[in-house]
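Asks: Sharing a structure below in structure tokens format, with a few things to ask.
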Amino acid sequence: MTRNDITAVLIDELGRIAPEIDASRLDPNAELREELDIDSMDFLNLVTGLSERLEIDIPEIDYPKLATLGHAIDYLVQRLGSAA
Amino acid sequence: MPSLGADMEAGTLVEWLKRPGDRVRRGDIVAVVETQKGAIEVDIFEEGVIERWLVEPGTTVPVGTPLAVIADTRPAVAVAEMEVAATVTPTPAPAAPPSMPPLLEPRTGAGRPRVSPAARRLAAERGVTLDRLTGSGPGGAILYADVERAAAEAAPRPAEPKRLDLAEMRRAIGAAMARSKREIPHYYLSTTVDLTRSLAWLEETNATRAPAQRLLLAALLIKAVAWALGEAAEFNGFFTAEGFQPGAGIHIGTAIAIRGGGLIAPAIRDADKLSLEALMAQLRDLVARARSGALRSSELSDPTITVTNLGERSVETVFGVIYPPQVALVGFGMPVERPWVVSGEVAARRVLTTTLAADHRASDGHRGALFLANINRKLQSPETL
């Protein structure tokens with residue numbers, strides 16, 4: 001799975017949580033919780049969706065690494081061991 | 001028409017989900033009504049057979065209006081019925097969905113309509129069937145503008161993301177809160193709970209669980225309140241014309257923020273009897289349905305107390321406004337790290353400001369203090385929750 005594929009999955013999952021926001025136009029450095037107005041339930045749903053679709057575990061201790069879109073992509077790429 | 005809160009005066013029947021002759025049981029969803037809180041599924045408390053409907057879809061009726069006659073299955077027992085009150089105002093029927101262009105368009109007139117070349121091109125582009133159009137040009141000729149208008153009308157409307165009217169919801173919240181501030185003599189108490197044990201237990205528990213099975217702190221907080229209410233009955237129930245009526249169970253209204261504004265607090269029923277896992281599953285389900293506008297009527301009328309958790313947004317202390325006819329609201333702020341004295345030593349601890357807003361007609365501050373202290377105690381032994 002390429003970095004682009006992972007980004008697409010992440011943006012799709014963010015779109016489920018905040019349907020009124022165009023997640024593909026998010027500033028990669030913005031804090032997701034602030035930018036998308038998501039709470040801990042939304043965040044748990046995001047992590048659940050990502051871990052099921054990408055078939056990886058995302059331990060709670062790693063949640064801070066998903067704070068921005070850019071960091072989340074980096075984290076997921078590293079987690080999946082993707083080359084691209 | 002069920003009352004889904006002190007602020008609701010009327011509702012519109014959207015559709016029936018059961019027909020006359022259908023057998024219904026307690027808990028069955030029989031209809032959908034449109035209210036200030038969005039589209040709500042009406043679940044039924046009676047058992048029997050639907051004899052007939054009294055209200056047709058599209059009709060707005062006041063709260064308390066019978067919607068249908070349900071025949072008791074035991075013979076010769078008639079269920080009381082009343083006709084719909086006079087304040088019925090039919091609402092416009094929902095617009096018909098835009099029809100797909102048929103494959104073969106029937107010719108309505110003789111011969112082909114006169115169409116300008118630009119209009120014909122546009123019609124082909126947009127998939128507009130010319131035979132159906134009335135032209136506004138000379139001799140009824142179809143012009144570019146006619147096709148443009150038809151294409152706009154036929155274009156699929158953007159899907160409605162929610163059946164929630166946030167302006168209506170704001171009015172409903174305003175009405176309920178105005179009544180609360182007018183009628184309820186509130187008193188307020190606050191305490192600070194050391195969350196170290198609860199958070200450590202939560203982290204340890206979640207570390208071995210897949211995300212779908214993880215718990216949120218909110219589940220622990222709701223369970224602690226539910227449990228503490230078992231020994232504090234005067235905070236759980238309704239204040240009515242007859243005075244305080246204790247709740248028949250512990251049904252915790254859980255304040256859920258709606259995206260774009262607004263708030264709704266559906267019940268987690270019998271929260272004191274649920275395991276943390278079951279409570280968490282219900283919370284997940286309620287949040288999802290509250291935000292998509294698919295709650296059930298009983299979930300909105302059942303709560304015997306409200307819990308609000310504003311900790312998500314850096315708020316430390318909640319000063320609650322009670323939701324009438326309830327008599328209490330427990331508010332949780334954000335867990336914050338603070339210097340704390342433990343066994344004579346200053347230590348960094350994560351603490352949580354917990355507040356109670358309560359109705360002085362039903363309880364007093366002394367009982368309120370015991371109730372808050374009890375919530376605190378439950379949160380010190382999270383493994384027992």
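All of the numbers you see were taken from the coordinates with simple rules; none came from a lab. Model, not experiment: these values are computed from the prediction. For neighbour counting, all protein chains shown are included, and Cβ atoms are generated from backbone atoms with ideal geometry for every residue, glycine included.
Asks: Within 10 Å of each Cβ in peptide B:204-212, how many partner chain Cβ atoms are there on average? Round it to a whole number, please.
Replies: Average per residue, whole number: 4.
Asks: Something else: Can you compute 3J(HN,Hα) from phi for each residue in the stretch B:248-255, using the Karplus curve 6.51 cos²θ - 1.76 cosθ + 1.60 with θ = phi - 60°, rounded to whole Hz and x for Gly and Pro?
Replies: Values, residue by residue: 6, x, 9, 10, 8, x, 10, 5 Hz.
Asks: Run the simple label-point estimate for B:Glu153 and B:Ser190 please: 7 Å along Cα→C-beta, distance reported in nm.
Replies: 6.1 nm
Asks: Okay, moving on. Cα to Cα, under 24 Å, and not fewer than 8 places away if on the same chain: which lysines meet these conditions relative to B:Lys181?
Replies: Reachable lysines: B:Lys37.
Asks: With +1 on each Lys and Arg Cβ and -1 on each Asp and Glu Cβ, how big is the dipole of chain B about its Cα centre, in debye rounded to the nearest 20? Please list the in-between numbers first.
Replies: Numbers: 43 positive and 44 negative charges, 239 e Å.
For chain B, the charge dipole is close to 1140 debye.
Asks: Quick check: the distance between the Cα centres of the stretch B:178-247 and the stretch A:40-84, to the nearest angstrom?
Replies: 31 Å
Asks: Please report, in Å, the Rg and the Dmax of the protein assembly as shown, where both are computed over Cα atoms only.
Replies: Expressed in Å, the Cα Rg and Dmax of the protein assembly as shown come to 27.7, 99.
Asks: If you place +1 on the Cβ of every Lys and Arg and -1 on the Cβ of every Asp and Glu, how big does the dipole about the Cα centre of the protein assembly as shown come out, in debye to the nearest 20?
Replies: The dipole of the protein assembly as shown has a size of about 780 debye.
Asks: Here's a follow-up. Report the FRET efficiency, 1/(1 + (r/R0)^6), for A:Asp57 and B:Gln380, where r is their Cβ-Cβ distance and R0 is 30 Å, rounded to 0.05.
Replies: The formula returns an efficiency of 0.45 here.
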